[in-house]
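To keep things clear, I will list the structure first and then write my remarks on it.
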Amino acid sequence: MARYLLLVAPSANRVYSTSAPTLLANELTVLADAYGLGVASVQPVIVAGVDYLQVDTAADLTPEQLRVVAYLSSVHALYQQVGDLLAPVELPRVEVFGSDLVTILKYQGKTNEAFTRLLLNVTAAATARPERLLDRSLSVLDPLCGRGTTLNQALAYGLDATGIDLDTKDFEVYDAFVRTYLKQGRYKHHATTGAIRIDSKVVGRRLDVELAADKDDYKAGRTQHLTVLRADTLAAPRLLRAESAHVVVTDTPYGVQHGSHGGRLDRSPLGLLDAALPGWVRVLRTGGALGLAYNRHVADPEALAEVLTRHGLTLVDRPGYDGFRHRVDAAIDRDLVVARKG
Ligand SMILES: C[S@@+](CC[C@H](N)C(=O)[O-])C[C@H]1O[C@@H](n2cnc3c(N)ncnc32)[C@H](O)[C@@H]1O
């Protein structure tokens, strides 16, 4: 039996305010279950006036288990309780790129970075092979990628990432950002931009980048791949190979900054999801998982669950997955849902 205290990152406290410890506790519950951390209990505690998450485990965490803890979206520091004292425990670095990759771009409508990381983590944990996140063989698709928060988090983890967004400005800003980031950081890469054609008609533009954080990896061909398609997400099955993504992770239009394109400005993303899901499910691997962030003010959870199951997905309701609802502001009551293919 061992007892650990997790200090929640102050940035998470600012964004989620009072929900941060609960969100982290549920994320830990999900990851502990998927990766076998032997966690007996997780609960918020106050020690000497400071908020922590108290985690009791069956035994001391091994280096592999500490690596899983380091993936959590908002851990500031980890301590092990020894008698009355707290001993600092070093967490390994799991990112191959600096966190600036995810944080530099700032814009209205950006999905919160910590929540994006949490969504990616709990979606990967729901797949048939969660260890793909840790061994970096997980491929990530964000079919409504905006300016790439999910893509950048996936790249920072050392994963391959594909994004689709209809918005020309988002595509141009992201294209310029990635090229500048890689050039200024002197990361080896090869980037090309070109037209997307379907039946010899131009339907959008694409950015393809092969990259590596380490130059020896690049030379040896151990590279990551980033593809961004400026196209309608409804074209996904015509633009991407079937069964090519292990996870589909996205933040649906909130009906605040964004509307679902396709003729009219729609406050609810349910119509867009209903139309897009057949294609997304086709591109998702069997055993893979889809994770959606959504605003409860514009999408009813039961209606969303109905749409997902109607398209052949199975909702994941393991412990922790129902504990991510939180208030962002008066207009956004945010939640997430994760569903499995097969
Ligand atoms: C909530 S935003 C995603 C923000 C993104 N996670 C980020 O941090 O930059 C939803 C995105 O869906 C895109 N979108 C809406 N309808 C679409 C469609 N039919 N095809 C492709 N993209 C679409 C919007 O352009 C918008 O960028």
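Each reported figure results from applying straightforward, stated rules to the coordinates on display, with no laboratory input. Model, not experiment: these values are computed from the prediction. A quick note on method: Cβ atoms are made from the backbone with ideal geometry, for glycine too, and the neighbour counts reach across all protein chains shown.
Observations on the structure shown:
- About the centre of its Cα atoms, the stretch 100-340 shows a dipole size close to 580 debye [charges on the beta carbon of Lys, Arg (+1) and Asp, Glu (-1) only; nearest 20 debye].
- Of Gln224, Gln65, Gln153, the one that fluctuates the most in a GNM where the chain has Cα springs shorter than 10 Å: Gln65
- Relative packing of peptides 195-201, 123-129 - highest average C-beta neighbours within 10 Å first: 123-129, 195-201
- Model label points for Glu64 and His190, set 7 angstrom from Cα along the Cα-to-Cβ axis, are 3.6 nm apart.
- Residue of Arg267, Arg93, Arg205 that the Gaussian network model of the chain assigns the largest fluctuation, springs spanning Cα pairs under 10 Å: Arg93
- Most positive-pole-ward Cα, Val102, His190, Leu78, against dipole of the chain from beta carbon charges: His190
- Kyte-Doolittle mean at least 1.6 and Cα axial length at least 27 Å: DSSP H helices in the chain: none
- Lysines with Cα under 28 Å of Lys188, excluding same-chain neighbours fewer than 8 positions away: Lys106, Lys110, Lys169, Lys215, Lys219
- Using only side-chain charges placed at the Cβ, +1 for Lys and Arg and -1 for Asp and Glu, the dipole size of the stretch 2-89 relative to its Cα centre rounds to 200 debye.
- For the stretch 100-340, the relative contact order is 20 percent, taking Cα pairs closer than 8 Å that sit 6 or more residues apart in sequence and dividing their mean separation by the residue count.
- By the count of other C-beta atoms within 10 Å, a proxy for reagent exposure, Phe97, Phe115, Phe171 are ordered fewest to most as Phe97, Phe115, Phe171.
- Label-to-label distance, nm, for residues given as Ala2 and Ile104 (7 Å Cα→Cβ offset): 3.7
- Square roots of 5 times each gyration tensor eigenvalue, C-alpha, the stretch 1-118, largest first, Å: 25, 16, 13
- Summing +1 for each Lys or Arg and -1 for each Asp or Glu among the other residues whose beta-carbon sits under 10 angstrom from that of Tyr187 gives +3.
- Among Leu234, Leu292, sorting on how many other beta-carbon atoms sit within 10 Å of each Cβ, with the fewest leading, yields Leu234, Leu292.
- Residue with peak Gaussian network fluctuation, the chain [Cα springs, cutoff 10 Å], from Glu302, Glu27, Glu131: Glu302
- Modelled FRET efficiency - R0 45 Å, Ser41 with Glu306, Cβ distances, 0.05 increments: 0.85
- Distance distribution P(r), the stretch 100-340, all Cα-Cα pairs, bin width 10 angstrom from 0: 7, 34, 39, 17, 3, 0 percent.
- Neighbourhood net charge (15 Å Cβ-Cβ; Lys/Arg +1, Asp/Glu -1) for Thr62: -3
- Mean Cα-pair separation over length for the stretch 296-342, i.e. relative contact order, pairs under 8 Å, 6 or more apart, %: 44
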